[in-house]
Structures are given as C-alpha cells and as structure tokens.
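Engineer: One structure, pasted below without further comment.
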Amino acid sequence: MSVPDKKIVVNKLTQKYGCSLSTINRKQIMFQGVSGGRRIVVCTPSSKLHPNGKGWFDLSIKQVELLDNADIAVLAVRIEGRSIYYVDFKELRRMMTLDLQVVNKVEGEHWKLFIWDRYIQVQGSRYKFTVVPEQIAI
C-alpha cells in the first residue's frame with residue numbers, strides 16, 4: 001500500500017479555505033496561502049503503517065515555527081493505505097513541550113509523534129490527542 005499523495009491534501013484544503021496553497025521554499029511537505037486575509041500554513045508529513053499498528057513522523061523546530069507563526073495551522077498526516085488525519089495544529093501544539101523534544105545528529109532538535117488509529121501521541125507524553133482519520137478512495 002502507498003501513502004496518499006500530498007496533492008490530495010492541498011486540493012482539499014484549497015477548496016475548504018478558498019485559497020491557493022503553494023510550497024514553502026525548500027520545504028517539500030509545507031504549504032502556505034492566504035484565506036480571508038489570514039495566513040494559512042499546512043504541513044503534510046507521511047508515515048508507513050508499522051506492524052505494531054501505528055505510524056510515526058517527526059516535526060522539526062523549523063516546521064513547528066512556521067506553523068506557530070500562521071493564523072491557521074493545519075497538520076495533515078498521510079498514513080499508508082487510505083487515511084489522512086486533519087489536525088488543528090494549534091490544539092496539538094499544546095502537548096509539544098520543550099522537555100519532550102528529541103535530539104539526534106540527523107534531524108537535530110525535533111518532536112517525534114506517533115499516530116495510532118484514533119489518537120496522536122508525542123513521544124514521552126502520556127497524553128493522547130484524539131483524531132479521526134478521513135478515508136480516501138485511491
């Protein structure tokens with residue numbers, strides 16, 4: 001199974017917010033636009049579905065800063081198969097505290113997020129952010 005194409009996310013959000021979304025320079029999964037005079041930023045990471053039933057993705061400091069500085073911030077996680085999880089990033093962001101950042105040589109400082117069938121969990125946190133996937137036809 002493959003991961004849904006990010007064009008599906010961009011098309012859906014373009015219609016929903018009545019705007020044109022364009023790629024942010026040098027950020028392949030980050031898009032921006034203006035909707036009703038408000039700046040919108042979309043991040044659309046993807047993940048395989050692992051044998052334990054979850055996917056995972058990282059959000060870098062730069063990605064989080066771009067989302068933080070938007071009036072409307074959407075995280076649209078694409079999971080292997082036919083699922084896309086649309087999340088109000090400003091709500092999820094409350095769970096992403098500095099003490100939960102992970103550091104390694106490849107990604108530097110970032111947050112690792114696990115996505116299960118009905119929730120997202122920041123690595124190191126006991127809290128769960130409830131989500132409902134949207135199933136798409138491929």
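The values are calculated or read from the model by the stated rules, or taken from the named source; none is laboratory data. In this text the structure is predicted, and so the values were computed from the model without any measurement. For neighbour counting, all protein chains shown are included, and Cβ atoms are generated from backbone atoms with ideal geometry for every residue, glycine included. Each accessible area value is taken on the protein alone, full model and side chains, heavy atoms only, with ligands, DNA and RNA left out. Shrake-Rupley method; radii C 1.70, N 1.55, O 1.52, S 1.80 Å.
Engineer: Could you list, in sequence order, all residues of segment 13-33 that are touching a residue at least 12 places away in the same chain (Cβ under 8 Å) and in a helix (DSSP H, G or I)?
Structural biologist: The answer is 13, 14, 17.
Engineer: Looking at (1) among the polar types (S, T, N, Q); (2) surrounded by 15 or more Cβ atoms within 10 Å (Cβ to Cβ); (3) under 21 Å from residue 116 (Cα atoms), which is the one condition that is false for residue 14?
Structural biologist: It fails just one condition, (3).
Engineer: Quick one: how many residues across segment 30-53 are among the hydrophobic types (A, V, I, L, M, F, W, C) and farther than 20 Å from residue 71 by Cβ?
Structural biologist: Count: 1.
Engineer: Being small (Gly, Ala, Ser) and in contact with a Phe, Trp or Tyr (Cβ under 6 Å, 6 or more places away or on another chain) is the filter; apply it to segment 37-74 and report the residue that is farthest from residue 94 (Cα to Cα).
Structural biologist: 47
Engineer: Consider residue 28 carefully, then state whether it is in contact with a helix residue (DSSP H, G or I) (Cβ under 9 Å, 6 or more places away or on another chain), at pLDDT below 95, on the phi < 0 side of the Ramachandran plot and not aromatic (Phe, Trp, Tyr).
Structural biologist: yes
Engineer: Is it the case that some residue within segment 113-135 is at positive phi and at pLDDT 95 or above?
Structural biologist: yes
Engineer: For segment 34-138, list the strands (runs of 3 or more DSSP E) that sit wholly inside it and hold at least 1 residues that are free of Cβ contacts under 8 Å to residues at least 40 places away in the same chain, open to solvent by less than 90 Å² (accessible area, probe 1.4 Å) and within 20 Å of residue 11 (Cβ to Cβ); which are they?
Structural biologist: Per the criteria, 38-43, 72-79, 83-88.
Engineer: Please go through segment 71-89 and give me each residue that is touching a helix residue (DSSP H, G or I) at 6+ places or on another chain (Cβ under 8 Å) and more than 24 Å from residue 49 (Cα to Cα), ordered by number.
Structural biologist: Of everything in segment 71-89, those that are touching a helix residue (DSSP H, G or I) at 6+ places or on another chain (Cβ under 8 Å) and more than 24 Å from residue 49 (Cα to Cα) turn out to be 72, 73.
Engineer: I've got another one for you. Looking only at segment 1-43, which residues are in contact with a strand residue (DSSP E or B) (Cβ under 9 Å, 6 or more places away or on another chain), over 22 Å from residue 134 (Cα atoms) and basic (Lys, Arg)?
Structural biologist: Passing the criteria: 27, 38, 39.
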